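Below is one structure, written out as structure tokens; the observations come after it.
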Amino acid sequence: MTRYMLLRLADAIPTIWLVLTLVFIAMRILPGDPAIAALGDAALPEQLADFRAKMGLDVPLWQQYFNFLYGTLSLDFGKSYMNGTPVLSLIARNLPYTIELTIAAMIIGVVVGIPLGVMAAVNRDKLPDTGVRIFSLVGYAIPDFYLGALFLIVFALNLGWFPINGAGDGFLDRVHHIILPAVTLALVKAAFIGRLTRTSLLEVLGRDYIRTARAKGAREPRVIYRHGLRNALLPLTTGLGLSLLATLSGSVAIELVFNRPGIGRMLIQSMTERDYGVIQGGVVVLALLVVLINLLMDLVYIVVDPRIRVK
Amino acid sequence: MTEAPVLVHAQPTAAAIRPLLKVEKLSVEFGPKASPIRVVNGVSFEVDAGGSVGIVGESGSGKSITSLAVMGLIPSPPGRIVEGRVEFEGTNLLELQKSRLPDIRGRDIAMIFQEPMSSLNPVMTIGDQIGEAIKLHEKMSREQRRERIVELLKLVGIPNPEGRLGAYPHQFSGGMRQRVMIAMAVACNPKLLIADEPTTALDVTIQAQVLELMHKVRRTLNTSILLISHDLGVIADVCERVVVMYAGRVVEEADVKSIFRTPSHPYTRGLLQSIPRLNDERTRLYQIPGSVPLAGTVKKGCPFVARCPDRIGRCAEEMPPMFAVSKSQRAACWVTAGAAAAASLGINEGATA
């Protein structure tokens, strides 16, 4: 078991290396000079040279690349070009907000999506099913940043129920701040999860063991939840994993729309500033998160499906 | 159906004791209401308390649907019971409130299915699955339940039952899974056990073991059995009475001995001739020519007419009702009815039909 996990982690190393390399190359191909971005158009050539030397930008590209790889291995992404803050502490400051938003959105998505899917499957081709189908279609079709802007205008600006930006301080204030962005992200998730639940549950409800459960004298709620949904969780797990990844990347746009701190906003800001270290650090963290989520899904599989456990 | 103009009317074979299960003129349709397909058509039979009845027929004869109808487990939509009665201990299950059916299923009538590989929930331990069957109908403590599960696993011959409570279905072979299914079915001492092709998916030696187990269950728990099979040999092994179904109808009903000695319906005769025999000299096994008509395609006349070697003019026009051939045997065949009538009138057999 531990060996399996370690192997899976080892599998991820080439992936992460590829991501690192791509980011490094992409940043260097993009036009724009980080020194000018940091010091401004009016900076003197000596100042620029001095800045480049300090940030390690004066050495050949291949050397920069190896310095970057080496730094990554020792979890040192350097300092922000803009204000000299270590990249690691920038990440540490922003990451919790992104994780908080992702988890909140995921919870709402699951809590809304799965019951919707069950309702649709049980009432197949009837009114509730059609309702869920329309909801899913709308959810799929609306881009989340647009929905976010809409919510912002209606619920924050016009009705004043929610704050317009920021992440808040203290638990209650943070909850208050997270509701709108989380709901925005979650509605799209719920549409996806609802659809997925409906499909997998319908598939499972046609299986022989469902008939066995009914033959035993189990009543419908028990048949559906205990026997049906429990088995539908197997295909659902994959979908939930993918959905979690999508939520993570979706939070980038949402952080921007709601002007929330987080890795997404940090990345976008540093891109406009050509702040290589911050971009590279942020991407590495996101890549690591993706790998971790995939690993987590593997673990969930083992819990959910006893057939995997034994092998 | 028009009233038969001749002969003894079909007499119910029930003795003085009221039958445990009485199915009367059961019809089941599938598909859209505008153009329904009738897969079970006016099926009647009885199972006495402690008795064992087999339903035999080819694939598509409606035997499985009949058994599911008794359990109230016909998938609806697309299926529905359009007429008839299913009386269990005098109560018509079809009129019973839907919410009360689960109380009867598993407790009074239990069922095992053809596919032991897929009929068990893959993510529940077998201990939990058998335990659920008990928990749904009987109140007992955890320890008592556990003891009962072990007892049941012992009854069905699972080695080391205590150690296998936490095992999952995929850790069992097909035969063992069918044993688990049987343990689950008899968990609450049901009065009637419906077994739908319980041995079809198993290889021959395991088949014999499972049939032996069904005998044992019957002996020890005094459970009545309704066995569905396409295999007359299996039916003969377990059952006292046989119902032969063809294209959704009962074509013959008799005790096992009569079915084998004096089959009265041409279809039953065909079935018997198709059983391979060791001492047979023929090189090619007999087969009934043609194939079963698609469900719902027979609009009038006897459904077997196209394949029947003995058919007469009337067969294509009118569905024969069940005629009593003897005290314990009935068949739906004009030719047999004619012969029986002739015999009873003392005319030479086979002169007219």
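Look through B:Thr205, B:Thr200 and report the one residue that is surrounded by fewer than 21 Cβ atoms within 10 Å (Cβ to Cβ), without any contact (Cβ under 8 Å) to a residue 12 or more places away in the chain and more than 12 Å from chain A (Cβ to nearest Cβ). Lay out the reasoning, then the answer.
Values: B:Thr200 fails: without any contact (Cβ under 8 Å) to a residue 12 or more places away in the chain.
Being surrounded by fewer than 21 Cβ atoms within 10 Å (Cβ to Cβ), without any contact (Cβ under 8 Å) to a residue 12 or more places away in the chain and more than 12 Å from chain A (Cβ to nearest Cβ) holds for just one of B:Thr205, B:Thr200, which is B:Thr205.
Does segment A:207-215 contain any residue that is closer than 23 Å to B:Glu115 by Cβ and either in contact (Cβ under 8 Å) with a residue 24 or more places away in the chain or under 28 Å from the mean Cα position of the chain (by Cα) (or both)?
yes
Out of B:Glu143, B:Glu95, I need the residue that is away from chain A (no Cβ under 14 Å), open to solvent by 40 Å² or more (accessible area, probe 1.4 Å) and under 22 Å from B:Val47 (Cβ atoms). Which one?
Every option except B:Glu95 fails the conditions.
Of these, A:Thr212, A:Thr247, A:Thr197, A:Thr237, which one is among the polar types (S, T, N, Q), open to solvent by less than 40 Å² (accessible area, probe 1.4 Å) and within 30 Å of A:Ser89 (Cα to Cα)?
None of the others qualify; the one that does is A:Thr247.
Among B:Met111, B:Met117, which is the only one that is more than 19 Å from B:Ala187 (Cβ to Cβ), within 11 Å of chain A (Cβ to nearest Cβ) and not small (Gly, Ala, Ser)?
B:Met117
Name the residues in segment A:222-234 that are at the interface with chain B (Cβ under 8 Å from one of its Cβ atoms), open to solvent by less than 10 Å² (accessible area, probe 1.4 Å) and either under 28 Å from the mean Cα position of the chain (by Cα) or under 25 Å from A:Leu295 (Cβ atoms) (or both), would you?
A:Asn231
For segment A:188-236, enumerate the residues that are touching a Gly at 6+ places or on another chain (Cβ under 6 Å) and within 21 Å of A:Gly131 (Cβ to Cβ).
Scanning segment A:188-236 gives A:Val188, A:Lys189, A:Ala190, A:Ala191, A:Ile193, A:Gly194, A:Leu196, A:Thr197, A:Arg198, A:Leu201, A:Leu205.
Quick check, is B:Thr268 more than 15 Å from the chain's Cα centre (by Cα), under 30 Å from B:Gly301 (Cβ atoms) and polar (S, T, N, Q)? Give the derivation first.
Working: more than 15 Å from the chain's Cα centre (by Cα): yes; under 30 Å from B:Gly301 (Cβ atoms): yes; polar (S, T, N, Q): yes.
So B:Thr268 passes the test.
Taking A:Tyr65, is it more than 25 Å from the chain's Cα centre (by Cα), open to solvent by 90 Å² or more (accessible area, probe 1.4 Å) and closer than 21 Å to A:Pro14 by Cα?
Criteria not met by A:Tyr65.
So that you can scan it fast, the table gives a plain yes or no per residue for (1) touching a strand residue (DSSP E or B) at 6+ places or on another chain (Cβ under 7 Å); (2) within 14 Å of another protein chain (Cβ to nearest Cβ):
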{"position": "B:Val186", "(1), (2)": "yes, yes"}
{"position": "B:Ser224", "(1), (2)": "yes, no"}
{"position": "B:Val242", "(1), (2)": "yes, no"}
{"position": "B:Pro276", "(1), (2)": "no, no"}
{"position": "B:Tyr286", "(1), (2)": "no, no"}
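Of everything in segment B:157-178 that's part of a helix (DSSP H, G or I) and open to solvent by 30 Å² or more (accessible area, probe 1.4 Å), which residue is nearest to the other protein chains (Cβ to nearest Cβ)?
B:His170
The values are calculated or read from the model by the stated rules, or taken from the named source; none is laboratory data. Please read all numbers here as calculations on a predicted model, not as lab measurements. FYI the Cβ positions are ideal-geometry reconstructions off the backbone, even for glycines, and counts take in every protein chain you see. When the accessible area is computed, the model is the full protein with side chains, heavy atoms only, and any ligands, DNA or RNA have been set aside. Shrake-Rupley method; radii C 1.70, N 1.55, O 1.52, S 1.80 Å.
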